[in-house]
Amino acid sequence: MAQLQLSDLRKSFGTVQVIKGLNLDIADGEFVVFVGPSGCGKSTTLRMIAGLEDATAGVIALDGRDVTRTRPADRSIAMVFQSYALFPHMTVADNIGFGLQLRKEDRATITKRVAEVAETLQLTPLLARYPRELSGGQRQRVAIGRAIIRNPKVFLFDEPLSNLDAALRVQMRLEIARLHQRLGATMVYVTHDQVEAMTLADRIVVFNDGRIEQVGTPMDLYEHPANRFVAGFIGAPAMNFLPVRVTGGRLEVPGTEPTPVPPGKEAATELGVRPEHLAVLASSTADLVGEVELIERLGAETYAYVRVPGLPSDLTIRLPGETEIRPRSSIGLKIDWTRAKWFDASGKVL
Amino acid sequence: MEQHNRFWRIALLSLPLAVFGLFVVWPLFSSFYYSFTNWNGFDPDYSFVGFDNFAKIATDRLFLQAAINTTIWMVAAIVLPTALGLMLALLLDSRVTGARVFKSIFYLPICLSAVIVGQIWTWIYQPDWGLLNTIIAQVSGEKFKYAWLAKPDSALWSVIVAWSWQQTGLSMVIYLAGLTAIPGDLLEVCEIEGASPWQRFRRVVLPLLAPSTVVVIALSVINSLKGFDILYIMTGGGPFNSSDTLAMHMYNESFKKYLMGYGSAISVVLFLIALAIIGLYFRQLRKVDRIYG
């Protein structure tokens, strides 16, 4: 049972502050995913929780106990690395049992525990192999085995699936989700892949530039992003951003007729529309008219990239798999105004 | 095109192969040949003596002495520089101030030829004014005149110390490279799992240095087998054959006593010993290969 609490956590490397005061409460048994672009501080934060990096300031508390200065080994955490970090000179069994061997558990106990863990991860036939005789997915399962054998309070995952190919990534994602269901342990998971974040998380923490931009459930972040950064980061394909101008009570979107400003949106400088909130219509009743630049067919759905005169970048629209739309054709687009997001100059949602 | 390539391949290989044949293969087979003769090294007349030379080896007291010395020499010349090199590498790998300066200093002796190293250490061991005895005398406050290289008890070990002083730098450099190749996250796993410094060294760092150890030991074996010049300079195998090695014994029999046939027989035995060591080494290498690729 483990609650994790970060209070005003800070980290500097020399004069460069990389973590700028984090506050976060993680509930017992919760699966929390840290997402953000490279260099946003998500991995550094995870490593501070692990104790591999010292916090410059602030407090990390585990079940109310301050562990900020506690050795990693005494924090009751386990960590799974992107590189798997398996010992190449040890068999699968020795890799999984490494922690127990260090603590000089008797041999029978170690063998029994390793067998149990191997069984749950379907590693039993591989126990005598060396890591280099395993596939990427098998290696990562061994790394997870080494983590779960210790019954830690908190599991930390540092981009564990980044080195796997796409198909295996989906499979391992499901295995990790199942593992969380079965163990009910607190898990903190770092990724830059927002699909992993959306599918695995109870709550997502969006990082940017050493700060937390927003914390919420996946759908919460998707439907109600707090700012332009979160709106643009969560969701694939990404949200479309259209520059807008408010002059004399009227709203101008390039390529559209000026309309009255909706109440409360007077400060808007940008409009955000998700690809699925743009409907294709006959040109006469459309909000925007443009030419299809490119079509991407994914089978179940199709993405169209549409060039609209006056807009700085193409608009992405999401269409059903079977669509009549062809490249170079002219189409009209209708914005679902009820789902559109308005951003002010600072990027905040209005 | 294929024909053309083959011509150049053979043409370019022929020179090194000719050199290798002339200076390695030919002498090797000549030794085998002469080991069955009583040739004295210059006389055109000699006769075949069958296995007489090898029978003589079996009863040669000096050969036995040389074989024992060679064993001591090889074990010490492998173990000491390897262990010392590893210790220095571990010390200098952590962020000690001036580590780079120390690395250079410890590496320097390897740049000297064995003849120069032998000469330097002969001076250090000099009984009357050598550095070692001077320091001992200063520290103990009494006169100290021990002749390190002239006493059968200490001659061989004194050379081994000089040899280790020279070779340690090489092992250190190879181990330093090996240490940088250990992935940082493996050491972090040790931290998270709570390994003590000794457990980390014994169970993770040392096994992960196995590829470096293979190289260090290979070089030590090769260098120690070749370690003739430093013994020749410092003791010449003496006193009373106390630092005589097989290579030295072979040299003395062949070129000092003009028993080229007998010397060749000794060299054949030495060759077979080297072959056995290399065979063992390759077997070990395959094991390391399975793990590290």
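Return the FRET efficiency for the residue pair B:A137, B:A218: r is the Cβ-Cβ distance, R0 is 60 Å, and the value is rounded to the nearest 0.05. Step by step, r from the Cβ atoms, then E = 0.90. Contact with the other protein chains removes 40 Å² or more of accessible area, compared with the isolated chain and a 1.4 Å probe, from these residues of the stretch B:189-237: B:V189, B:E191, B:I192, B:E193, B:Q199, B:R203. With all protein chains present, how much of the accessible area of the stretch A:193-336 (probe radius 1.4 Å) comes from carbon and sulfur, to the nearest whole percent? Accessible surface attributable to carbon and sulfur in the stretch A:193-336 totals 54 percent. Checking every one of the chymotrypsin sites (Phe, Trp or Tyr not before Pro) in the stretch B:11-53 against DSSP loop status and a limit of 12 other Cβ atoms within 10 Å picks out B:F42, B:F51.
Applying a length cut-off of 20 Å (Cα extent along the axis) and a mean Kyte-Doolittle floor of 1.6 to the DSSP H helices of chain B leaves B:61-93, B:210-225. As a ratio to 2.2 N^0.38 Å, the alpha-carbon radius of gyration for the stretch A:240-343 is 1.08.
How much of the pair distance distribution for the protein assembly as shown lies past 41 Å, counting alpha-carbon pairs only, in percent?
It works out to 54 percent of all Cα pairs.
By accessible area, using a 1.4 Å probe on protein heavy atoms only, the stretch B:1-123 has 73% of its surface on carbon and sulfur. Accessible surface comparison of B:D93, A:D287, probe 1.4 Å, protein chains only, largest first: the order is B:D93, A:D287. Mean sequence separation of contacting Cα pairs (under 8 Å, at least six apart), scaled by the length of the stretch A:26-77, corresponds to a relative contact order of 24 percent. Calculated mean residue ellipticity, 222 nm, the protein assembly as shown: -13500 deg cm²/dmol, from DSSP H runs (n ≥ 4) at -39500 (n - 2.57) each, averaged per residue and rounded to 500. Straight-line cross-link partners of A:K153 among the lysines, defined as a Cα under 27 Å from its Cα and at least 8 positions apart when in the same chain: A:K11, A:K20, A:K42, A:K104, A:K112. Once each part is reduced to its C-alpha centroid, what is the distance from the stretch A:62-79 to the stretch B:114-185 in angstrom? The stretch A:62-79 and the stretch B:114-185 have Cα centres separated by 49 Å. Between the residues B:I110, A:A50, A:G310, the greatest Cα displacement towards the positive end of the dipole of the protein assembly as shown, with unit charges on the Cβ of Lys, Arg, Asp and Glu, is found for B:I110. Projected onto the charge dipole of the protein assembly as shown (+1 at Lys/Arg Cβ, -1 at Asp/Glu Cβ, origin at the Cα centre), which of A:A143, A:S76, B:F240 gives the Cα projection farthest towards the positive end? Looking along the dipole axis, the top candidate is B:F240. Distance between the C-alpha centres of the stretch A:107-174 and the stretch B:5-22: 52 Å, rounded to the whole angstrom. FRET efficiency for the pair A:N151 and B:D45, taken as 1/(1 + (r/R0)^6) with r the Cβ-Cβ distance and R0 = 60 Å, rounds to 0.10. If you place +1 on the Cβ of every Lys and Arg, -1 on the Cβ of every Asp and Glu, and leave all else neutral, what size is the dipole of the protein assembly as shown about its Cα centre, to the nearest 20 Debye? Dipole about the Cα centre, nearest 20: 1140 debye.
Counting heavy atoms of the protein chains alone, A:E30 has an accessible area of about 20 Å² for a 1.4 Å probe.
Ligands, DNA and RNA aside, B:V24 has an accessible area near 70 Å² when probed at 1.4 Å. As a calculated quantity, the FRET efficiency between A:T247 and A:E296 at R0 = 45 Å, using C-beta atoms, amounts to about 0.80. Roughly how much accessible area, to the nearest 100 Å², goes out of reach of solvent when B and A pair up, both sides summed, probe 1.4 Å? For chain B against chain A, roughly 2200 Å² becomes buried. Considering only beta bridges that DSSP places wholly inside chain A, some 75 percent are antiparallel.
Normalised by the number of residues in chain B, the mean separation of alpha-carbon contacts (under 8 Å, six or more apart) gives a relative contact order of 30 percent.
Heavy atoms of the protein chains alone define the surface here; on that basis the protein assembly as shown has 50 Å² accessible area per residue at 1.4 Å probe size. Beta bridges assigned by DSSP with both partners in the stretch A:151-222 are antiparallel in approximately 50 percent of cases. When the other protein chains are added to the chain by itself, burial of at least 20 square angstrom of heavy-atom accessible area (probe 1.4 Å, ligands and nucleic acids ignored) affects these residues of the stretch A:66-81: A:P72, A:A73, A:F81.
For the stretch A:266-350, chymotrypsin sites (Phe, Trp or Tyr not before Pro) meeting the loop criterion (DSSP other than H, G, I, E, B) and having at most 16 other Cβ atoms within 10 Å: A:W337.
Taking the DSSP bridge list for the stretch A:109-245 and keeping only pairs wholly inside it, about 50 percent are antiparallel.
Modelled spin-label separation between B:I116 and A:A177, with each label point placed 7 Å from Cα along the Cα-to-Cβ direction: 6.9 nm. Reported to the nearest whole Å, the Cα centre-to-centre distance from the stretch B:218-232 to the stretch B:26-80 is 18. Relative to its Kirkwood radius, the Cα radius of gyration of the stretch B:60-292 gives an Rg/Rh of 1.04.
The values are calculated or read from the model by the stated rules, or taken from the named source; none is laboratory data. Note that the structure is a prediction, hence the values are computed from the model and not measured. Ideal geometry is used to build each Cβ from the backbone, glycine not excepted, and the neighbour counts take in all protein chains shown. SASA here: full protein model, heavy atoms, side chains in, ligands and nucleic acids out. Shrake-Rupley method; radii C 1.70, N 1.55, O 1.52, S 1.80 Å.
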